[in-house]
Amino acid sequence: MKYQVEINVMPLKALLDPQGKAVASSMKNIGITTIDNVRIGKHITLEVEAQNEQEAQTIVEKACKELLYNPIMESYEIKFVK
């Protein structure tokens, strides 16, 4: 079976997000003052072929841990799209 997967990789909340800080500052510069605490990450979509959802989860976890995120600076969330 093929499974559609979405992965969100975000900077850890305890760390400064310079890109998010720059965007928040730019929003104020263009007159949008009601947005604050911007965090910018990565949204990854992929299709994985596996026997079942459990196997697909294991494959995607491996991809995240070995390639898609940096555990020192980021966290990730996996969502299977039905």
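Tabulated results
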{"item": "Accessible surface of the chain, 1.4 Å probe, proportion on carbon and sulfur as whole %", "result": "55"}
{"item": "Length gained when the stretch ILE35-ILE72 is fully extended (0.36 nm per residue, less Cα-Cα span)", "result": "10.6 nm"}
{"item": "Virtual paramagnetic centre 7 Å along Cα→Cβ of ASN8, amide N under 16 Å, in the range 57-75", "result": "74-75"}
{"item": "For the range 36-52, Karplus couplings with θ = phi - 60° (6.51, -1.76, 1.60), whole Hz, Gly/Pro x", "result": "8, 6, 6, 10, 10, x, 10, 10, 10, 10, 8, 10, 10, 9, 7, 5, 7"}
{"item": "Long-range lysine pairs (8 or more apart or interchain), the chain, Cα under 25 Å", "result": "21"}
{"item": "Amide hydrogen neighbours beyond the local backbone of VAL38, cut-off 5 Å, H modeled", "result": "ALA24"}
{"item": "Theoretical ellipticity at 222 nm over the chain - DSSP helices of four or more residues, -39500 (n - 2.57) apiece, nearest 500", "result": "-8500 deg cm²/dmol"}
{"item": "Vicinal HN-Hα couplings computed from phi for the range 61-71 (Karplus, 6.51 cos²θ - 1.76 cosθ + 1.60; Hz; Gly/Pro x)", "result": "4, 4, 4, 5, 5, 9, 9, 8, 9, 10, x"}
{"item": "Structure-derived semi-axes √(5λ) of the Cα gyration tensor in Å - corresponding label in [x] 39, 13, 10; [y] 32, 14, 8; [z] 29, 17, 9", "result": "[y]"}
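The values are calculated or read from the model by the stated rules, or taken from the named source; none is laboratory data. As the structure is a prediction and not an experimental result, all values here were calculated from the model. Glycine gets a Cβ as well: all are built from the backbone with ideal geometry, and neighbour counts include every protein chain shown. Heavy atoms of the whole protein, side chains included, go into the accessibility calculation; ligands, DNA and RNA do not. Shrake-Rupley method; radii C 1.70, N 1.55, O 1.52, S 1.80 Å.
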